[in-house]
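What follows is calculated from the coordinates using simple rules that are stated; it is not laboratory data. This structure is a prediction, so every number in the text was calculated from the model and none was measured. FYI the Cβ positions are ideal-geometry reconstructions off the backbone, even for glycines, and counts take in every protein chain you see.
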Amino acid sequence: EVWPQPARALNALLWAFLDPFQCQKIGIFSHSNWISFFTPVNGGTSEIFQHRGKEAGAHGMRVFLVEDSAAIRERLAEMIGDLRGVAVVGEAASYQEAVAGILRTKPDAVILDIKLAGDGGSGIDVLGDVKRAMPAIRAIMLSNYATPQHVKASTDAGAEYFLDKSADFESIVRILERWRDAGPAAGGTSIS
């Protein structure tokens, strides 16, 4: 993500003059409604992560997007960013980026495409690997490949919903609102 020059300069000033270990939620705006947050991790080291949308808050929902198309990721992030109490905390286009990003940001839910960039694996592979480390994570599989085999593989990996990417974007909003209002994952599977 390339930031406009003023945002880059402000970010550098914050790092230079503020103690990032005390800055749980100091945010600066850059383009595309992105906010950069400082969060202490690993007992004294800091990392910056990208956050888009309205603040999820203590009772909100944090979502990670896994999609190889930047245009579709952007569309999803904008839709989700308009939801009260739901925030996109990360995005990835490939298997490697997705697994690392999800394990680092620990979202409540993930929206995955089956086909991903590169040769590392599919969205189904990402979900299977992440579910082993984070069994309570909720998942929506989003794809143009709605074959019975893909639906079964998605269900087996832990997806609660399988939606047609070309037609079901509004369904994602309704599902996320329902999950947000219900709180932490309660289990169960609803493939639609």
Relative contact order computed over the range 54-182 (Cα-Cα under 8 Å; 6+ residues apart), in percent: 23 percent
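Would you tally the net charge around ASP68, using a Cβ to Cβ cut-off of less than 15 Å, leaving ASP68 out, and scoring K and R as +1, D and E as -1? Can you show the working numbers first?
Values: positive: ARG73, ARG75, LYS115, LYS165; negative: GLU67, GLU74, GLU91, GLU97, ASP113, ASP119, ASP125.
In short, -3.
Within a Cβ distance under 13 Å of ASP113, other residues only, what is the Lys/Arg minus Asp/Glu net charge? Don't jump to the answer; show the numbers that get you there.
Details: positive: ARG73, ARG75, LYS115, LYS165; negative: GLU67, ASP68, GLU91, GLU97, ASP125, ASP164, ASP168.
Computed value for this residue: -3.
Could you rank the peptides 82-91, 121-130, 147-156 by their average count of other C-beta atoms within 10 Å per residue, with the highest value first?
Answer by packing, highest mean first, reads 121-130, 82-91, 147-156.
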For the range 54-182, what number of Lys pairs, 8 or more residues apart or on separate chains, have alpha-carbon atoms under 24 Å from each other? 10
